[in-house]
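Structure first, then comments.
The values are calculated or read from the model by the stated rules, or taken from the named source; none is laboratory data. The structure displayed is predicted, hence computed values, not measured ones. Counting neighbours? That spans all protein chains shown, and the Cβs are built from the backbone with ideal geometry, glycine included. Ligands, DNA and RNA are stripped out before the accessible areas are found, and what is left, the full protein with its side chains, is counted by its heavy atoms. Shrake-Rupley method; radii C 1.70, N 1.55, O 1.52, S 1.80 Å.
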Amino acid sequence: AAPLCFDIVCPRGLALREETLSLEAKSPEDISRCCAVAAPDTAQFLVQSAGFSDRSRASFKLDGQLLYETKNTGLTVVLVRRSSSGVERNAVQEVTTFNTMEGSAELVAYLDSLTNGSLVLMAVADSACCKLTSAAKSKIEEFGASWIRGLKFRSAYALVGIKGSGKLAEVLHEDGEGPVAVLAELPAADDMHRPFCETRIASPAVAGILYENRLVLDAGCKYRLWDQATISGNLAGAWVVMNGGSNMLLMFNMLVMLLAPGKSETFLRIWGSYVIDVIIQDGEITMFNTISTRKSECNNIQHNISSHEGCKKYVAARLADVPVHSPAKTRLTMFLNQFWHTVPWTADIIEADEGWSNAQLAFVAQISTWYVICNIQKFEGCQREDLKSETEAAALKRFQDEMTTALDRLQTFCTRAELGCVIGTRAWSAAGGALGASLERFDTALTSAMLARRSSNFRFFDFFSLGAAMPEETISGHGSPVAHTWAWQIILGGFFTDVPAKTHLVFSGSLCSAGKSNLALCQNYVDWCSRWDSCNLWMCMNSEPCEHVVSAEAFHRVDGINRACGSDSGAHQIEGIGLESCKAECIRSSTCRGVSYHASSSQCDIWTGTGVLTTIPSAGSTCLSFEPVNATSTTSEASSPSTTTEAVIPTETVTSTLSTTLTSSQTEDTRWDAHYGINCYEGFGGTELMYFPGTFMRGECQAACINTNDCDGVVMRSGWADGTSPCWLVGNVQVENCQEYPDYDFWHHRKSSSPVTSTTLETDAPSSSLQPTENMR
């Protein structure tokens with residue numbers, strides 16, 4: 001079945017239409033029937049409910065961004081976070097599912113505890129009727145519900161209501177009438193007027209949600225941001241030492257690119273080394289040394305404790321044989337320490353180094369994941385047989401013992417680290433099942449140990465919660481440049497003492513965001529990884545340059561959508577860049593007043609001068625003014641926006657090709673069963689047949705499945721802003737053995753043959769990018 005309008009994510013500047021929520025949306029062109037121009041400064045909630053017959057789901061979205069979703073039986077209640085100015089973008093204050101098929105006393109007590117004025121979203125998954133008492137229904141009616149007493153077995157039900165003030169939206173369907181969805185629009189809070197967060201504290205705030213590149217924090221504050229030049233100036237004369245696995249290696253690479261813009265070629269040189277040692281001065285890499293695990297005394301360092309002393313002496317000698325410290329140089333040293341037992345002597349080496357003893361020192365460590373990879377996954381690349389052979393309880397005890405020894409040493413070491421030390425949790429991932437539960441237990445042990453030790457100089461950093469604020473910026477457990485930049489902004493805030501006033505962050509680069517990851521855009525990496533026939537998207541997106549700019553001003557949409565800027569001043573045109581890069585070019589210009597961006601041609605117009613910024617009609621264009629935070633959006637009386645609510649959606653160029661021809665004499669009469677938050681792959685309910693990188697509409701991916709022998713379904717990433725995703729074709733499917741994976745959806749192909757004519761699906765992109773690739777997801 002084709003998706004309905006309430007399955008669509010409207011492009012930025014548009015919002016769902018209430019009157020067309022249940023209509024089909026078969027193609028990108030149909031978005032115009034589903035979406036209309038969004039009202040300014042408003043937030044739109046979408047609450048969906050599906051009973052058992054419609055695959056059980058309670059889902060909550062804000063402006064197309066998924067807030068929470070569950071298949072658990074009963075009534076789910078989301079308490080919305082609001083301020084005096086409106087709904088906060090980090091809207092979920094708390095969420096609870098009450099299994100009212102078994103009882104409703106807890107629901108009654110919870111709703112009774114909420115104060116008048118509390119805004120809640122409610123939705124049923126599976127069924128919620130049979131032990132929902134009259135007292136519980138009365139409590140729900142306090143939020144304006146009028147149909148709750150009609151709730152029956154396996155009914156679908158959704159409500160948006162305010163306690164003591166009435167409902168904003170409500171809908172009820174009996175079993176067999178299909179799922180339901182309701183919309184509610186409310187004023188949106190202005191998160192840019194929040195106070196500044198403290199940074200030189202024991203545990204900086206990270207929980208929240210990333211909205212339009214703004215980190216909206218549950219703590220109710222915002223961070224001061226540093227541009228690349230300020231970061232370089234503050235780190236001049238410093239020595240930053242990092243310890244961890246692949247995510248910390250990506251953090252190291254990001255910091256290198258921040259300090260030496262345009263030097264992304266170093267990415268391919270950091271893999272396969274135990275130590276990477278870099279000196280940067282005036283934006284140039286003046287020294288780049290590596291110590292390999294293959295050809296040195298450190299080849300057994302991760303698993304053979306008896307080799308530590310020889311490796312320690314070798315590394316100390318190599319690190320000492322570098323240019324001496326000077327106030328103009330910044331040194332970055334990365335140790336690929338996957339386990340805690342190597343960390344104490346890492347601190348010994350740094351502490352004993354004489355040539356850089358005058359450097360301001362910083363130390364960052366992120367170690368836990370490899371204990372679980374060895375113990376639970378029995379990964380063949382793990383050489384610690386002790387962890388692979390023992391129980392999880394024994395491995396956790398070993399982790400705690402090794403961690404305690406390391407933290408004891410670091411607490412002493414960090415007293416001389418002028419910039420401070422940061423000890424962090426693992427990075428966010430969508431891993432579930434036994435693997436996810438074990439990762440959480442090890443992280444809980446780390447968190448508990450640090451809560452007892454943390455201080456303003458020995459800081460605890462929750463990388464996991466920061467990643468959870470932006471799950472769309474993670475691929476296979478590895479963060480994007482956007483995620484790593486935000487982590488560094490917060491960490492560096494604890495290192496630096498100056499107080500910049502800039503609060504807006506804009507990224508410039510083709511692969512800064514995970515949503516843009518595409519092997520066609522990282523050719524240097526592909527040429528390198530193809531030698532081993534092992535290329536993946538998370539390395540791809542981190543291999544290309546990604547810069548950021550910051551400003552005290554913000555961009556504001558002028559006169560709605562499908563409007564280009566027009567002015568009595570001139571515009572400088574730049575071809576072939578994205579909207580974020582267009583904004584970055586504006587910020588870099590001292591005279592920029594706004595930008596026009598034309599999506600169909602990827603053309604950016606930088607507007608300068610002092611005249612009034614007006615607009616003219618232009619399909620697929622956006623006009624943005626660039627103004628101080630406390631200014632409002634420019635509205636031109638001379639060129640008012642069109643009064644029609646029809647949205648003209650530009651046809652975006654498809655970045656990869658998926659060309660599928662159905663040539664057989666028999667073509668299936670297809671039915672696709674949706675399994676949201678489910679991933680079927682090798683070892684977990686399915687076998688990967690093909691992988692197509694790039695971004696595709698679901699219909700394109702499903703067409704490829706229909707034309708592929710033994711294909712039982714497709715897997716696609718969920719929650720991407722434009723509704724597209726890479727495409728995986730899966731066979732040998734046993735859905736009951738597939739794994740819960742919040743940012744993936746599985747579509748099961750149910751077949752019945754009927755003769756039809758052949759059909760061709762094509763996109764306009766070059767056919768050279770069609771080749772399926774191997775992928776780890």
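Miscellaneous remarks
- The residues on offer are CYS546, CYS604, CYS529, and the sole one that is open to solvent by less than 10 Å² (accessible area, probe 1.4 Å) and either of a type in the set (D, E, K, R) or out of contact with any Gly (no Cβ under 9 Å at 6 or more places or on another chain) (or both) is CYS529.
- Test: residue in region 518-532 that is under 25 Å from the mean Cα position of the chain (by Cα), of a type outside the set (Val, Ile, Thr) and under 21 Å from PRO11 (Cα atoms): yes
- Selection from region 144-167 of residues that are open to solvent by 50 Å² or more (accessible area, probe 1.4 Å) and hydroxyl-bearing (Ser, Thr, Tyr): SER146, SER165
- Considering ILE349, ILE373, the condition of being of a type outside the set (D, E, K, R), over 30 Å from the mean Cα position of the chain (by Cα) and assigned to a helix (DSSP H, G or I) is satisfied by ILE349 alone.
- If you filter region 14-36 down to residues that are of a type in the set (Gly, Ala, Ser) and open to solvent by 20 Å² or more (accessible area, probe 1.4 Å), you find that the one that is farthest from LEU159 (Cα to Cα) is SER27.
- Within region 514-538, residues that are of a type in the set (D, E, K, R) reach partners that are open to solvent by less than 10 Å² (accessible area, probe 1.4 Å) and assigned to a helix (DSSP H, G or I) with beta carbons closer than 8 Å, at six or more positions or on different chains, in the pairs LYS516/MET541.
- Scanning region 23-71 for residues that are in contact with a Cys (Cβ under 7 Å, 6 or more places away or on another chain) and among the small types (Gly, Ala, Ser) gives ALA25, GLY64.
- Contacts under 6 angstrom Cβ, first residue in region 148-164 being over 19 Å from ARG81 (Cα atoms), partner of a type in the set (Lys, Arg) and outside any helix (DSSP H, G or I), 6 or more apart: none
- Within the set VAL595, VAL648, the sole residue that is at pLDDT below 50 and either within 30 Å of the chain's Cα centre (by Cα) or buried (at least 21 other Cβ atoms within 10 Å of the Cβ) (or both) turns out to be VAL648.
- Selected residue [among the acidic types (Asp, Glu), at pLDDT 95 or above and surrounded by fewer than 18 Cβ atoms within 10 Å (Cβ to Cβ)] from GLU170, GLU141, GLU198: GLU141
- Extreme residue, most open to solvent (accessible area, probe 1.4 Å), among residues of region 119-138 that are touching a residue at least 60 places away in the same chain (Cβ under 8 Å) and of a type outside the set (Ser, Thr, Tyr): ASP126
- Subset of region 396-427 [open to solvent by less than 10 Å² (accessible area, probe 1.4 Å), touching a Leu at 6+ places or on another chain (Cβ under 8 Å) and under 21 Å from SER246 (Cα atoms)]: MET403, CYS421, ILE423, THR425
- Scan of region 532-543 for residues that are buried (at least 19 other Cβ atoms within 10 Å of the Cβ) and either under 26 Å from ASP190 (Cα atoms) or not aromatic (Phe, Trp, Tyr) (or both), ordered by number: CYS535, ASN536, LEU537, MET539, CYS540, MET541, ASN542, SER543
- Residue match in region 37-48 (condition: open to solvent by 10 Å² or more (accessible area, probe 1.4 Å), not small (Gly, Ala, Ser) and not in a strand (DSSP E or B)): yes
- Test for LEU210: is it modelled with pLDDT under 95, out of contact with any Ser or Thr (no Cβ under 6 Å at 6 or more places or on another chain) and open to solvent by 40 Å² or more (accessible area, probe 1.4 Å): no
- Scanning region 473-499 for residues that are part of a loop (DSSP other than H, G, I, E, B) and within 16 Å of ASP462 (Cα to Cα) turns up just one, GLY477.
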